[in-house]
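Comments concern the structure below.
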Amino acid sequence: MKNKLTRHTTAPLLALMLMLVLLCPPRRAAAQERKMSVDIFSGANFAFRDISYNRQYDIHLSLTPGFKWNFGDHWQVAGQMYVDIIDQYNNPYYSQYYNHKGNIFYFGLLDVSKELKLGGLYCKASAGFFSESRYGVDLKLFLPVTSWFAFEAQGGLTGLFSTSNGWGFSPMQRFAGTIGGDIYLAGSNTQLRGVIGSYLYKDFGCEAEAIRHFRHSSVSLYANWNNKDAFDGGFRVVVMLPPYHRKQRMVNIRPASNFYLPYTIMGHEWTNRMYRTAPEENMRDGWFSRDLLDWGSHTMEPDFIITPKE
């Protein structure tokens, strides 16, 4: 790994910031206490690649237990762990699995986030530990211009962390971000997305994706260009998991909301990479809550019918 990991003072400062946010919720939180809820869930993470000479595919399969604590007004604390079932990647420098180095249980994500609307602009700010072994701060923006066209942007300042031998951190000075636009064709529930960006490993490039949304699933074809790895592409599939009718309680134990399967025809694992700031983040739901943003696939029938407990 190019970043040198040290016991850096940014980590305690970040932990202090998270504690202050948790201890100082928004002013209206007390009035919205009835809306507080905790979701405990688990899904599966499956990845495969065809680059080995001694077998057809390398497979990585893990369980992904996580939680979301919603405490009103679109404030949320979320976390996730990984539990390895099969790991044939056997590459300690593979970013997503950098932390474990042979451990069955390893840390994935823990952060606090806030969604809000400023006029016509939708914002989501996050701070904490993200996927891809990054920690730091992140800001996501979405600006609908019409019912069929919108701008999007994401930017974050992060450092690398590792728990493979105690806690190690690189300085929080790596910026990564993307900016682009989305077109939504309501008649066919098709979303066209294009972005350009500077990514996690000091590479820059662009992405183009066509997403077809179906009832409870989305399928996309994508192509990337990168200054370090030329062209690559493939497809992505997101399947929303049952049960689709759910009772909302103070504490909810359920399956993960979705299963995600990517397939890359060509490419390199170090290019066009960004991190996730939420454990169930996916291309179907986007970055924002359905009740806050009514655009794109959010205008379709909801995947989950949630009713309060009587």
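The values are calculated or read from the model by the stated rules, or taken from the named source; none is laboratory data. The structure presented is a predicted model; accordingly, all values stated were derived computationally and were not measured. Backbone-built Cβ (ideal geometry, glycine too); neighbour counts: all protein chains shown. Heavy atoms of the whole protein, side chains included, go into the accessibility calculation; ligands, DNA and RNA do not. Shrake-Rupley method; radii C 1.70, N 1.55, O 1.52, S 1.80 Å.
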Checklist entry - If you check every pair at least six apart or on different chains, which have Cβ atoms under 8 Å apart with a residue in the range 185-204 that is over 14 Å from Met283 (Cβ atoms) and in contact (Cβ under 8 Å) with a residue 40 or more places away in the chain first and a residue that is surrounded by fewer than 19 Cβ atoms within 10 Å (Cβ to Cβ) and of a type in the set (Phe, Trp, Tyr) second? => result Ala186/Trp148; Gly197/Phe204; Tyr201/Trp270; Asp203/Trp270
Checklist entry - Within the range 132-143, how many residues are open to solvent by 10 Å² or more (accessible area, probe 1.4 Å) and more than 20 Å from Leu116 (Cβ to Cβ)? => result 1
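Restricting to the range 75-90, what's the tally of residues that are touching a Pro at 6+ places or on another chain (Cβ under 9 Å) and either open to solvent by 20 Å² or more (accessible area, probe 1.4 Å) or of a type in the set (D, E, K, R) (or both)?
Step one: filter the range 75-90 for residues touching a Pro at 6+ places or on another chain (Cβ under 9 Å), giving 75, 78-83.
Then keep just the ones that are either open to solvent by 20 Å² or more (accessible area, probe 1.4 Å) or of a type in the set (D, E, K, R) (or both); that gives 75, 81, 83.
Final tally of qualifying residues: 3.
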Checklist entry - So is Gly166 open to solvent by less than 70 Å² (accessible area, probe 1.4 Å), in contact with a strand residue (DSSP E or B) (Cβ under 8 Å, 6 or more places away or on another chain) and small (Gly, Ala, Ser) or not? => result no
Next on the checklist: For a quick check of your reading of the model, give me the residue pairs whose first member lies in the range 290-305 and is under 13 Å from Leu185 (Cβ atoms), whose second is assigned to a loop (DSSP other than H, G, I, E, B) and among the hydrophobic types (A, V, I, L, M, F, W, C), with beta-carbon atoms closer than 7 Å and at least 6 apart or on different chains.
Outcome noted: Thr299/Ala186
Checklist entry - Given the conditions (1) of a type in the set (Phe, Trp, Tyr); (2) within 29 Å of Gly128 (Cβ to Cβ); (3) over 17 Å from the mean Cα position of the chain (by Cα), and given that Trp225 satisfies all but one, which numbered condition is not satisfied? => result (2)
Checklist entry - With respect to Glu301, is the statement that it is surrounded by fewer than 18 Cβ atoms within 10 Å (Cβ to Cβ) and assigned to a loop (DSSP other than H, G, I, E, B) true? => result yes
